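Please treat every number below as a calculation from the coordinates, not as lab data. None of the values given here were measured: they were computed from a predicted structure. Because the Cβ atoms are built from the backbone with ideal geometry, glycine has one as well, and the counts that use them run over all protein chains shown.
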Amino acid sequence: MIMRLLAALLLAVGASAASRPNIVFILADDLGYGDVGCFGAKDILTPHVDGMAATGLKLTSFYAQPICGPSRAALMTGCYPLRVGEVNNAKNGHTLPHPEEVTLAEVLSKAGYRTGIVGKWHLGMGPGCAPAEQGFQSGYFTPAFNGATRDIRPKASFPFLRGRDEVARVIRTQAEMDTITGDCTREALAFIRASQEKPFFLYLAYHMPHVPLGASRAFRGNSARGLYGDAVQELDASVGKVLAELKSLGLDANTLVVFTSDNGPWTDPQIGDHGGSPGPFRGGKMTTWEGGWRVPCVVSWPGRVRAGETSDGIVSMLDWFPTFARLAGVKTPSPAGPGITVDGIDLTELLTTSGARSPRETHLYHNGARLAAVRHQRWKLVLSRPAGGQMPYMPGFVTSHLEALPADGLYDIVADPTESTNLASAHPDVVKDLQTIAEKSRTELGDYTGPGGGARFHEAGPRWPLAAQPKAAK
């Protein structure tokens, strides 16, 4: 049904194949703002990402989501995860988009792009949900993350697949984990070489530096930040190999490359120095503070993207969907199809016009299904929430002491990026304005009490079945 809808109603391709760029989206996993040289790291060397920033555009207020699955769903759908319809009408901590959802890969594939995924998928493998069924023509990927503990569990195994079922490789040992970045880079280069005859979209979703960490022998012991730094430096070297391959094939001048992270660094004491740095920000992965959401992001496209500039405008993971669709020549009111709401905003002018301002002024922070904060322009309102309660629609995760807040807090996020000084009492008018935005969001998208009017559902039956049990979240 999805592909028939796309074929009949969705796309009008208004640019020739020759004028449309290749797109390479490189996504690190759990990489912190303070883990990249051009964003302030002093003890990890990232010359290739730094070079992208020096000759391209650095985005210093780029927001992902606070955890893996929602961030990838935001990229693939251009929507806040609360809007995305999921399998069984559920609302999961790690978003599982329904097969009826329109993905970025489907849009680009229908627009004539060759689409490939290399690395981590983590958006479900049920019927209709695997990459090959969500628009990717080529794949070498793990269904989910590479692990959830500092060390590899003895009985754990993480398979790489081609297509849906063919096991290309299984990661069981530390030695195998050490080669995971190199393996993905090899597959990415092979995809690029095989895709030169038409525009292509490569989604290169590296597993590092998510625990368990891995780094090949050539990078072990090279960083001042231990194994974590080694993994990041190999990741940077891999970015360099991708850029070099594009240049050697004469594709660099017509290829847009984005490098970013899916969320902030894991700062759990159980993983210690195997986690990253949020840089100047408060909090980390799974928190609502800036350290969990604001991640490094650089964009390169020689001759097209602003060269050597920095933008501090608000940009969201949601925004790549409409941006890439426009660059691919998709001309519809919504790149996902008639009547399908997309929350992303086209960034083309921001990327290509010197000194341009971001079209986005507002960003919503959801943690699980809870609306936890709102940013509008320079102001961020962090909404009150308890400590220690089960997070709604996020089984297995709890609201930690880092998230506890007895009353709403207002922060000037430009002057006070560490969110140290609560200005709520000094600016009640600003608080009221942001509370109004929050209420509109709850009406449209929902909150921990249940879905909003704009949330999508593709099946009969209860909507967000857990919505009848919100008491633990109060």
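Distance between the modelled labels on Thr362 and Ala156, one decimal in nanometres: 4.0 nm (7 Å Cα→Cβ projection). Rounded is the label for the chain. Its Cα gyration tensor axes, ordered a ≥ b ≥ c, give a/c under 1.5.
Here segment 234-270 and segment 28-94 have alpha carbon centers that stand 12 Å from each other. Annotation: amide H-H contacts under 5 Å for Asn367 (H modelled 1.01 Å from N, sequence separation of 5 or more, or interchain): Ala372. Helical content of the chain, expressed as a calculated mean residue ellipticity at 222 nm, amounts to -6500 deg cm²/dmol (DSSP H runs of 4 or more residues, -39,500 (n - 2.57) each, divided by residue number, nearest 500). Annotation for segment 139-187: trypsin sites (Lys or Arg not before Pro) lying in DSSP loop with at most 11 further Cβ atoms inside 10 Å of their Cβ are Lys155. Based on Cα contacts under 8 Å between residues 6+ apart, segment 19-352 shows a relative contact order of 32 percent.
The stretch between Arg217 and Lys42 holds 60.7 nm of extra length on full extension. This uses 0.36 nm per residue minus the Cα-Cα distance. In a reduced charge model with +1 at each Lys and Arg Cβ and -1 at each Asp and Glu Cβ, segment 19-352 shows a dipole moment near 360 debye about its Cα centre. I'd like the FRET efficiency for Ile437 and Ala175, computed as 1/(1 + (r/R0)^6) with the beta carbon distance as r and R0 of 51 Å, rounded to 0.05. That pair, Ile437 with Ala175, gives E of 0.50. In segment 81-173, one over the average inverse separation of all distinct C-alpha pairs is 14.2 Å, which is the Kirkwood hydrodynamic radius. A simple rule links phi to the HN-Hα coupling: the Karplus curve 6.51 cos²θ - 1.76 cosθ + 1.60 with θ = phi - 60°, which for segment 428-441 gives x, 5, 5, 4, 4, 4, 6, 5, 5, 4, 4, 5, 4, 5 Hz, with x for Gly and Pro. What fraction of the DSSP beta bridges in the chain is antiparallel, stated in percent and rounded to the nearest 5? Percent antiparallel among DSSP bridges in the chain is about 55.
In sequence order, segment 355-371 has phi-based couplings of x, 5, 8, 5, x, 8, 10, 10, 9, 9, 10, 10, 10, x, 9, 7, 6 Hz under the Karplus curve 6.51 cos²θ - 1.76 cosθ + 1.60, θ = phi - 60°, and Gly or Pro positions carry x. Net length available on complete extension from Phe457 to Ala132 is 114.8 nm, with 0.36 nm assigned per residue and the Cα-Cα distance removed.
How big is segment 139-209 by the Kirkwood estimate over distinct Cα pairs, in Å? So the Kirkwood estimate lands at 13.3 Å. Of the cross-linked pairs Lys331/Lys440; Lys285/Lys380; Lys247/Lys331, those separated by over 21 Å at the C-alpha level are Lys331/Lys440; Lys247/Lys331. Summarising the amide proton neighbourhood of Asp416: residues at separation of 5 or more, or on other chains, whose placed amide H is nearer than 5 Å comprise an empty set.
The length gained by stretching the chain between Leu423 and Lys241 to full extension, at 0.36 nm per residue less their Cα-Cα distance, is 60.9 nm.
Taking amide H as placed 1.01 Å from N in the peptide plane, the amide H of Ser316 sits under 5 Å from that of Tyr63, each at least 5 places away or on another chain.
Computed from backbone phi with θ = phi - 60° and the Karplus coefficients 6.51, -1.76 and 1.60, the 3J(HN,Hα) list for segment 265-278 is x, 6, 10, 4, x, 5, 9, x, 6, 8, x, x, 10, x Hz; x is used for glycine and proline. What do you get for chymotrypsin sites (Phe, Trp or Tyr not before Pro) in segment 57-135 restricted to DSSP loop and a cutoff of at most 13 other Cβ within 10 Å of the site's Cβ? Of the chymotrypsin sites (Phe, Trp or Tyr not before Pro), not one in the loops of segment 57-135 has a Cβ with at most 13 other Cβ atoms within 10 Å.
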